[in-house]
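Novice: Have a look at this one before I ask anything.
The values are calculated or read from the model by the stated rules, or taken from the named source; none is laboratory data. Nothing here was measured: the structure is a model prediction, and the numbers come from that model. Remember, those area values only see protein heavy atoms, side chains included, never the ligands or the DNA or RNA. Shrake-Rupley method; radii C 1.70, N 1.55, O 1.52, S 1.80 Å.
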Amino acid sequence: MAYTSDGVLQDEKTISEFNWDRDSLIKFGTQLVETGKAKKLPVAVAIFLDDVKIFQRFLEGTSKTNELWVQRKIDTVRSIGHSTLYLRAVLEELGAYQKLEIQNHLGEIAIAGGGVPIFKEGKIFAVVIISGLPHEDDHRMIMDGFKDFCSKISAVAPTEVLKFLKIFIK
């Protein structure tokens, strides 16, 4: 296990510190798709703003199964108020995941990475979903994509983003 519940909570905090709006979320989704295409990854990318799906793309190699996982992941984030990987980390840290021999999902709940909430004013504002890679890589693609997204924005508007990027430079 290369992740911890505390580390996942830090990821949620980090991605939530950006000043997101509908346009920036769609740009982020587009960038994730472009990364997936460039690396020939069979991923589905979905972004929800409040309860509305504002972005969704299924790349070459995806299937109906990815659509089911997107729904499981959004349902899980909405149910627990945290990342899907957070649920997995907590269950593993408690030994419950192994003891109960849970698979990556339990009915409609995803117990696997790839669903990350973005908070605004203490509430879930948006959710970013990736499906198609091993679950830790789904989560990592979102967070690495976010770092890349910030670095591209800083090249365009350095003064407003530089203070934000300091969290990555520590």
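Novice: Under a 1.4 angstrom probe, counting protein chains only, how are Leu91, Leu25 ranked by accessible area, largest first? Don't skip to the answer; put the middle values down first.
Specialist: On the way: Leu91 35, Leu25 0 Å².
My answer, sorted largest first, is Leu91, Leu25.
Novice: Could you give each residue of region 66-78 its phi-based ³J(HN,Hα) in whole Hz, using Karplus coefficients 6.51, -1.76, 1.60 with θ = phi - 60°, and x for Gly or Pro?
Specialist: Running phi through 6.51 cos²θ - 1.76 cosθ + 1.60 with θ = phi - 60° gives 5, 5, 4, 5, 4, 5, 4, 5, 5, 4, 5, 4, 5 Hz.
Novice: For Phe125, enumerate residues with amide H under 5 Å from its amide H, sequence gap 5+ or separate chain, H modeled in the peptide plane.
Specialist: Ile118, Phe119, Lys120
Novice: Okay, moving on. Under 8 Å for C-alpha pairs, at least 6 residues apart: give me the relative contact order for region 1-125, rounded to a whole percent.
Specialist: On the way: 155 pairs, mean separation 34.8, N = 125.
Over region 1-125, the number comes to 28 percent.
Novice: Still on this model: How much accessible surface area, in Å² rounded to 10, belongs to the heavy atoms of Asp51 with a 1.4 Å probe?
Specialist: Accessible surface of Asp51 is approximately 120 Å².
Novice: I've got another one for you. Mind ranking Phe28, Phe119 by accessible surface for me, highest first, 1.4 Å probe?
Specialist: Details: Phe28 0, Phe119 50 Å².
Per-residue accessible area, sorted high to low, gives Phe119, Phe28.
Novice: Sorted by accessible area with a 1.4 angstrom probe, largest first, how do Glu92, Glu108, Glu67, Glu60 fall?
Specialist: Values: Glu92 30, Glu108 110, Glu67 85, Glu60 170 Å².
Largest accessible area first, the residues go Glu60, Glu108, Glu67, Glu92.
Novice: Here is a follow-up. Where a ≥ b ≥ c are the square roots of the eigenvalues of the C-alpha gyration tensor, would you call region 1-88 rounded, which needs a/c under 1.5, or, failing that, prolate if a/b is larger than b/c, or oblate? Please list the in-between numbers first.
Specialist: Values: a/c = 1.44, a/b = 1.25, b/c = 1.16.
Note, shape of region 1-88 comes out rounded.
Novice: Give me the accessible area of His82, 1.4 Å probe, in Å² rounded to the nearest 10.
Specialist: 50
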